[in-house]
Amino acid sequence: NPYPNPFNPVTVIDYTIEHDVNDLRIKIYDITGRLVENLYQGNQTYGHHKIRWNASQYSSGIYFIKMDTHHHTFTKKIILLK
């Protein structure tokens, strides 16, 4: 879960991996579905992880964090307020 949410301009995305994966992708999309940033792509070990997103160059609005691997996909809505 990202926190804070709503945020301005930095949010931290907390996530837990149940087992090692070699294809984790974390991407940010805007409300129209356009990819705005690729935060992470690659291997990830099991356990608890955090990644920061600094959205200072983006406008206020609703964004979506999409995390996916070969087996799972998760999407979370976040709100950037400036």
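The values are calculated or read from the model by the stated rules, or taken from the named source; none is laboratory data. In this text the structure is predicted, and so the values were computed from the model without any measurement. Glycine also receives a Cβ, built like all others from the backbone with ideal geometry; neighbour counts cover every protein chain displayed. Accessible surface areas use protein heavy atoms only, side chains included; no ligands, DNA or RNA. Shrake-Rupley method; radii C 1.70, N 1.55, O 1.52, S 1.80 Å.
Looking at this structure, is His48 surrounded by fewer than 10 Cβ atoms within 10 Å (Cβ to Cβ), out of contact with any helix residue (DSSP H, G or I) (no Cβ under 8 Å at 6 or more places or on another chain), in a strand (DSSP E or B) and not basic (Lys, Arg)? Yes: the conditions hold for His48.
Which of the residues belonging to region 51-62 are over 17 Å from Ile17 (Cβ atoms), surrounded by 12 or more Cβ atoms within 10 Å (Cβ to Cβ) and under 9 Å from the mean Cα position of the chain (by Cα)? Before the answer, list the steps.
Step one: filter region 51-62 for residues over 17 Å from Ile17 (Cβ atoms), giving 52-62.
Pick out the ones that are also surrounded by 12 or more Cβ atoms within 10 Å (Cβ to Cβ) and you get 53, 55, 58, 60-62.
Selection gives Trp53 alone.
The sole residue among Tyr40, Tyr15, Tyr29 that is open to solvent by less than 40 Å² (accessible area, probe 1.4 Å) and either among the hydroxyl-bearing types (Ser, Thr, Tyr) or in contact with a Phe, Trp or Tyr (Cβ under 8 Å, 6 or more places away or on another chain) (or both) is Tyr15. Residues that are more than 16 Å from Val12 (Cα to Cα) and not charged (D, E, K, R) were ranked within region 63-73; the one that is least open to solvent (accessible area, probe 1.4 Å) is Thr69.
Cβ separations smaller than 8 Å between residues 6+ apart or across chains give the following pairs from region 57-77 residues that are touching a residue at least 60 places away in the same chain (Cβ under 8 Å) to residues that are open to solvent by 80 Å² or more (accessible area, probe 1.4 Å) and in a loop (DSSP other than H, G, I, E, B): Lys76/Asn1.
Taken together, Gly42, Gly47 contain a single residue that is without any contact (Cβ under 8 Å) to a residue 24 or more places away in the chain and on the phi > 0 side of the Ramachandran plot, which is Gly42. Listed by first and then second residue, the pairs linking a residue in region 1-24 that is part of a loop (DSSP other than H, G, I, E, B) to a residue that is of a type in the set (Gly, Ala, Ser), with Cβ atoms under 8 Å apart and 6 or more places separating them unless they lie on different chains, are Pro9/Ala55; Pro9/Ser56.
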